[in-house]
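The values are calculated or read from the model by the stated rules, or taken from the named source; none is laboratory data. Note that this is a predicted model, so its numbers are computed, not measured. Glycine gets a Cβ as well: all are built from the backbone with ideal geometry, and neighbour counts include every protein chain shown.
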Amino acid sequence: MSEQLKVKTMQEFMAEGKQPEILFWVGSAGSFDDRAKKISRAFVKLLNKADVDFAVLGTEESSTGDVAKRAGNEFLFQMQAMMNIEVLNGYEIKRIVTCDPHSFNTLKNEYPSLGGNYDVVHHTQYLKELIDNGRLTITGDGYKGKRITFHDPCYLGRANSVFDAPRELLAKTNAELVEMKRHKKTALCCGAGGAQMFKEPEKGDMDVNVLRTKGALETNPNIIATGCPYCNTMMTDGIKAHEKEDSVTVLDVAEVLANSQGL
Amino acid sequence: MEYLPNIIFAVALIAGIGFFVRNVKKLTRNIKLGRDVDVSDNKAQRWKNMAKIALGQTKMVVRPIAGIMHVIVYVGFIIINIEVLEIILDGLFGTHRLFSPLGPVYDLLIGSFEILALLVIVAVVVFWIRRNIIRIQRFIKPEMKGWPKTDGNMILYIEFVLMVLFLTMNAADFQLQQLGAEHYKQAGAFPVSQFIVPLLDGLSESSLILVERTAWWLHILGILAFLNYLYYSKHLHILLAFPNTYYGKIKPQGQFNNLESVTKEVKLMMDPDADPYAAPAEDSTAEPEKFGASDVMDLNWVQLLNAYTCTECGRCTAECPANQTGKKLSPRKIMMDTRDRLEEVGKIMDANKGEFFSDGKQLLNDYITPEELWACTTCNACVQACPVSIDPLSIIVEMRRYLVMEQSAAPTELNNMMSNIENNGAPWPYNQMDRLNWVNE
Ligand code: SF4
Ligand code: SF4
């Protein structure tokens, strides 16, 4: 699966004396988590197809500190934030796109008062923009007849009111979009937020991801789409808990688009 | 002797309002125990929120049955205040139906009050059935045992009785008008209470007057008592919903505040020119700032206002993923605990001439346990669901901050995650130098 992706770092842009159109903030999950790395690759394939001049920070990128902040470690968060801001400002970054709603939220909302002001967009918003501008075309009926239900990531949807971009993208594939009972503003959390991803859940009757996946399965989907690497993991585990891994797949919106184009 | 009723009325009124003012003072003092927070921004947006959410009840109708019933009770409450104004003036001046010269307008007013009163009775009965017979899930959670349950029902009984008194008063009045009794001039329209009149059939004029006066007195004394009951009840929201929605969060829900005290220290730590041994310059006598919150005084006053505004409706808890999966966390309980503790602190201050002495208790552990705090996914569903713009999540985060920054008491896995971030710039133990490996995998 290792066809060559075109990915340049900021350093390389600097060496050429050029500025990229956007900075792709890969995020810790997108860089290290095996499942999430595939999302990063799918997104890059789409960027390559649309001929976008983008850069990554590569080894100069570090955790945004979001998860430390939600856990209550404001110190660690601000240290991470200030380090990242130094790097970003050093490169005079204007626009950032990321596949991780947690990075998205924190870069967009929490970095400004610490001196980091950027135009931050989620990858679904950016892809939609590329399509609207005619730079990216999504053709074919690869997903026709498939039922897709979109799980709203809390930090994209409820927290930042981005509801339409991912749905519009999914609609481009001519798949049938089905909504869960709880969607958009009333979507149930996947269970990973607030640093839950990194610890065992507290005692209860059930895990949150199992409950959320139940809601998704009620729509009888072929695919559960989402726009967050953590949601992806949680829903994938949820599917396993419901023993549905043979009939239902969990994909990021970027993966759905990339697949539909045979990328 | 002639003026005795007027005097008694004036005394009752002054006492009622006096106690109320005393309670409001206590309330403001308690809220001001919170840390200061700047909410002077975005005035236009804030007024809009208040108009939409508190006045317009836009978030109530998300759940249509409760929402519509609530709107009825609410409109009834507001409009009937015009009637209360007349009652107060009549009481003070010994007049009867002072506004009656308004003629047809008056008929329309009284007529619509009666219809509203009936609707309120219906709504109250429906509410009572939902709470006590259908036993809707969110009303029978553990935090709703005892006083909160009694309080919820009390309000319904009081409203019921007040409305029945109002209609009885009108029915007797109407009958007296028919009989041409002195003082009871023809005024008003009685679309609802006319149906009560047959029950009064056969009563003499003096008995009717007795019924009318008794209902009148009980009605107004009941209202004064209710006014003073507010402070002890979740019903305080009828007043506080307005300031609370005004001061409610207007930033994107995902945006948490950046602690300024931390910013200062982090900047110092990262500044290569800073002298680590330099004595802190300004206000070195000031107590070092506490990070996060372990008690109510560590919260800001908007959070404390939130606690007093909470109506215990449980919409937050019903949407909470942690609560839905059987975990101990209930955002409503977070708000109720904060209010209970604040009340306790207030009582200590009352007993000590306004000074607070530690009672060895605090909000953390004695009311809210770390287990509850760590179960939160910070999903904001509670904030979204609250019909009066309360933000339980902000309190949860403040208390986590205390646990982590003051006590280093995070769950072990989270400590590992945090040291990974410190050492490798990622929550996992991978090498930062491998950050670009995904490109070629
Ligand atoms: S933010 Fe926390 S308390 Fe509020 S609904 Fe989500 S999990 Fe529950
Ligand atoms: S915080 Fe809001 S939603 Fe929750 S119980 Fe109180 S008023 Fe209801």
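Here is how the numbers come out for the structure above:
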{"quantity": "Positions within the range B:258-274 being touching a residue at least 12 places away in the same chain (Cβ under 8 Å) and hydroxyl-bearing (S, T, Y), in sequence order", "calculated": "B:S261"}
{"quantity": "Whichever residue in the range B:367-402 is of a type in the set (A, V, I, L, M) and in a loop (DSSP other than H, G, I, E, B) and, among such residues, is farthest from ligand 1 (Cβ to nearest atom)", "calculated": "B:V388"}
{"quantity": "Condition check for A:H102: closer than 27 Å to B:W374 by Cβ, touching a residue at least 60 places away in the same chain (Cβ under 8 Å) and not assigned by the TED database to the domain that holds A:E21", "calculated": "no"}
{"quantity": "A:S62 vs. criteria buried (at least 24 other Cβ atoms within 10 Å of the Cβ) and of a type in the set (S, T, Y)", "calculated": "no"}
{"quantity": "In the range B:131-141, the residues that are surrounded by fewer than 16 Cβ atoms within 10 Å (Cβ to Cβ) and either in contact (Cβ under 8 Å) with a residue 24 or more places away in the chain or of a type in the set (G, A, S) (or both)", "calculated": "B:Q137"}
{"quantity": "Checking B:A279 against (1) more than 16 Å from ligand 1 (Cβ to nearest atom); (2) under 30 Å from A:I85 (Cβ atoms); (3) modelled with pLDDT of 95 or more, the condition it does not meet", "calculated": "(3)"}
{"quantity": "Leading residue by the ranking (nearest to B:A171 (Cα to Cα)) among those in the range B:194-231 that are at pLDDT 90 or above and of a type in the set (D, E, K, R)", "calculated": "B:E212"}
{"quantity": "Residue tally, condition without any contact (Cβ under 8 Å) to a residue 40 or more places away in the chain and of a type in the set (D, E, K, R), over the range B:12-40", "calculated": "3"}
{"quantity": "Residues satisfying the stated conditions in the range B:317-335, i.e. within 12 Å of chain A (Cβ to nearest Cβ) and closer than 22 Å to B:P243 by Cβ", "calculated": "none"}
{"quantity": "Inter-residue pairs, beta-carbon under 9 Å, first assigned by the TED database to the domain that holds B:F19 and part of a helix (DSSP H, G or I) and in the range B:225-237, second away from ligand 2 (no atom under 13 Å from the Cβ) and among the small types (G, A, S), 6+ apart", "calculated": "B:A225/B:G16; B:L227/B:G16; B:N228/B:G16"}
{"quantity": "Some residue of the range A:167-181 being of a type outside the set (A, V, I, L, M, F, W, C), surrounded by fewer than 15 Cβ atoms within 10 Å (Cβ to Cβ) and either assigned by the TED database to the domain that holds A:V44 or within 20 Å of A:G27 (Cβ to Cβ) (or both)", "calculated": "no"}
{"quantity": "Residue ID - nearest to B:R400 (Cα to Cα), chosen from residues in the range B:285-316 that are within 16 Å of ligand 1 (Cβ to nearest atom), part of a helix (DSSP H, G or I) and more than 14 Å from chain A (Cβ to nearest Cβ)", "calculated": "B:Q303"}
{"quantity": "Tally of residues being within 12 Å of ligand 1 (Cβ to nearest atom), at pLDDT below 95 and either under 25 Å from A:Y143 (Cα atoms) or touching a strand residue (DSSP E or B) at 6+ places or on another chain (Cβ under 8 Å) (or both) across the range A:171-219", "calculated": "0"}
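Results for (1) assigned by the TED database to the domain that holds B:R339; (2) within 21 Å of B:P321 (Cβ to Cβ); (3) within 15 Å of ligand 1 (Cβ to nearest atom); (4) surrounded by fewer than 23 Cβ atoms within 10 Å (Cβ to Cβ), shown as yes or no for each residue.
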{"residue": "B:F357", "(1), (2), (3), (4)": "yes, no, no, yes"}
{"residue": "B:Q362", "(1), (2), (3), (4)": "yes, no, no, yes"}
{"residue": "B:N365", "(1), (2), (3), (4)": "yes, no, no, yes"}
{"residue": "B:V404", "(1), (2), (3), (4)": "yes, no, no, no"}
{"residue": "B:N420", "(1), (2), (3), (4)": "no, no, no, yes"}
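Condition check ((1) more than 17 Å from the chain's Cα centre (by Cα); (2) away from ligand 2 (no atom under 16 Å from the Cβ)) across all residues:
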| residue | (1), (2) |
| --- | --- |
| B:I348 | yes, yes |
| B:E355 | yes, yes |
| B:S358 | yes, yes |
| B:N365 | yes, yes |
| B:T369 | yes, yes |
| B:N380 | yes, no |
| B:Q384 | no, no |
| B:V388 | no, no |
| B:I396 | yes, no |
